[in-house]
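Where a number appears in this text, it was derived from the coordinates with a stated rule and is not lab data. Remember, it's a predicted structure, so these values are computed and weren't measured experimentally. Here Cβ is always computed from backbone atoms with ideal geometry, including for glycine, and neighbour counts include all displayed protein chains.
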Amino acid sequence: MAGKPPTRQVVLDTALTVFLEHGVEGASIDDIRARSGASIGSIYHHFGSKQGLAAALYLEALASYQQRTLAALADNPAARDGVHAVVAAHLDWVARNAGLARYLFMDRDAGVRQASKDALRDINNRWAGAALAWLQPRIAAGEIHDLPVEVLLSLWLGPAQELSRHWLSRRRPQRAAEYATVLGDAAWNSLRT
């Protein structure tokens, strides 16, 4: 009796391992197939190509990250609390998803970005729109500086993002969360009026 065919998620998880080991360019569909137990036809049916698989993985990682940060906003309506919560959520997500974070933030394959450009633009616009919708009433209330959204987001998450990259390059992301308060304070001091 044949076993149950691998799920889409098994293929994505396997692809992550292979991409982190060899890069997207150096990875082979055959290696992903062999490790996941999926058929070549199944992989091509679900993802279209290696670049399609890499793009799907990138988009799923990004969606997971963005959902975590938006949940932090939804749970923290006060300006200072929300700013701190998003920084903590960023660092927590990186620590809990080190492989995905490494793939998302550090392995910037141009082909992956090209293969996912429309979906990537859409998902980023939705996230930025939700973040801006949270920011706008706090800006109107005079709690947060009235700056372009890209400046606000850079002040808010830039230091946490950079710290995450440093830790991911050394493969020690679990320690990043230790600095959530310090980086949250820095973000709050940068954003508040």
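Given their separation in residues at 0.36 nm each and the Cα-Cα distance between them, Glu25 and Arg192 gain 55.8 nm when the chain is fully extended. Label reach from Gln136 (point 7 Å along Cα→C-beta): in region 149-167, amide nitrogens under 18 Å belong to 149-153. Take the Cα of Arg96, go 7 Å toward its beta carbon, and the backbone nitrogen atoms of region 121-137 under 20 Å from that spot belong to 127, 131. If you take every residue apart from Trp156 with its C-beta less than 15 Å away from the C-beta of Trp156, what net charge results, scoring Lys and Arg +1 and Asp and Glu -1? In short, -2. Taking the inverse of the mean reciprocal distance over all distinct Cα pairs, the Kirkwood hydrodynamic radius of region 1-64 comes to 11.7 Å.
The candidate values are [x] -0.29, -0.37, -0.45, -0.54; [y] -0.39, -0.47, -0.55, -0.64; [z] -0.42, -0.49, -0.57, -0.64; the one derived from this structure for log10 I(q)/I(0) by the Debye sum over Cα atoms at q = 0.09, 0.10, 0.11, 0.12 Å⁻¹ carries the label [y].
For the chain, what is the mean residue ellipticity at 222 nm derived from helices alone (per DSSP H run of n ≥ 4: -39500 (n - 2.57); sum divided by total residues; nearest 500 deg cm²/dmol)?
It comes out at -25000 deg cm²/dmol, rounded to the nearest 500.
Neighbour counting of Cβ atoms within 10 Å sorts the residues Trp134, Trp156, Trp167, fewest neighbours leading, into Trp134, Trp167, Trp156. Summing charges over all other residues whose Cβ lies under 12 Å from the Cβ of Leu73, with Lys and Arg as +1 and Asp and Glu as -1, gives 0.
Compared with the direct C-alpha span, the chain from Arg35 to Arg108 gains 23.9 nm at full extension, assuming 0.36 nm per residue.
How tilted is helix 149-169 with respect to the longest principal axis of the chain? Cα atoms for both, answer in degrees (0 to 90, nearest 10). The answer is roughly 50 degrees.
Here Thr7, Thr14 are placed in order of increasing Cβ neighbour count within 10 Å, fewest first, which gives Thr7, Thr14. Ranking of Lys117, Lys50 by neighbouring Cβ atoms within 10 Å, starting from the fewest: Lys117, Lys50.
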